[in-house]
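Worksheet for the structure shown next.
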Amino acid sequence: MLDDPQQAKVAILCGKGNNGGDGFVVARHLHNHSISVYVFLVAKISDILKDGDAGTNLQILLNMKIPVKEILDIPGVNSILKELNGYNILADALFGTGLSGDVREPFKTLISGVNNLNKPTLSVDIPSGLDCNTGKFLGAAIKATKTVTFAVAKKGFYLNDGPSYTGKVIVSDIGIPKELIH
């Protein structure tokens, strides 16, 4: 997304579920490649630490001293939207394939604000706010520059609103046997 990755300053927006956990893993890998990274978590750190894989990966970030900032309400969102201007890449790990129903606050304001920043944005697995099966917009959705998805592209990427939100789709192999993919 940049000509010189070492010049990247990446803000990773994480939600409380598995997609947020994937965002924590992205943060760790970028940090290990000497890329400046900051995590903005739309949840309480203490709540995530109680939760399986996401909690484990968040604890690793905290142990590595990777900065993590909680966002809990709309004033918090408005504050970090100003901060996001200082980053040259945004990573979206707010919602994954488990999202059902319309996006609610403070996520709705955050997603709208991120889209208005017009920064290169990478969505992890699926743009937050897009239904992975139907491609329908769920009240607010990240307009990704690129979407890195796992195993196979979601059919919603090519239906309804999907093509307007996914940007360039990159399918990443995560070792799932072909026999299990249908």
(message) Under the √(5λ) rule applied to the eigenvalues of the Cα gyration tensor, what semi-axes describe the equivalent ellipsoid of the range 45-91? Give them in Å, descending.
(response) 23, 14, 8
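What shape does the range 73-146 take by its C-alpha gyration tensor, where a ≥ b ≥ c are the square roots of the eigenvalues and a/c under 1.5 counts as rounded, a/b above b/c as prolate, and the rest as oblate?
Details: a/c = 2.32, a/b = 1.37, b/c = 1.69.
Because a/c hits 1.5 or more and a/b fails to exceed b/c, the range 73-146 counts as oblate.
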(message) Just to be sure I understand: if I project the alpha-carbon convex hull of the chain onto a plane and average over all orientations, what area do I get in nm²?
(response) 10.2 nm²
(request) Could you give the size of the charge dipole of the range 59-182 about its Cα centre, using +1 on the Cβ of each K and R and -1 on the Cβ of each D and E, expressed in debye and rounded to the nearest 20? (result) 260 debye
(message) Quick one: 3J(HN,Hα) in Hz for the range 51-63, Karplus 6.51/-1.76/1.60 with θ = phi - 60°, rounded, Gly and Pro as x.
(response) 10, x, 4, 4, x, 4, 5, 5, 4, 4, 4, 4, 5
(request) With 10 Å bins from zero, work out the P(r) of the range 134-177 over every alpha carbon pair and list the percent per bin. (result) 30, 52, 16, 2
(message) I'd like the Karplus ³J(HN,Hα) series for the range 137-144: coefficients 6.51, -1.76, 1.60, θ = phi - 60°, whole numbers in Hz, and an x wherever there's a Gly or Pro.
(response) 6, 9, x, 6, 8, 5, 8, 7
(request) Would you kindly derive the ³J(HN,Hα) couplings of the range 9-15 from the backbone phi angles with the Karplus curve 6.51 cos²θ - 1.76 cosθ + 1.60 (θ = phi - 60°), listing them in order in whole Hz, with x for Gly and Pro? (result) 10, 10, 9, 10, 9, 10, x
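Read-outs: derived from the displayed coordinates by stated rules, not from any lab. Predicted model, so just to flag it, every value in this text is computed and none were measured. No Cβ is skipped: glycine too gets one built from the backbone with ideal geometry, and neighbour counts run over all protein chains shown.
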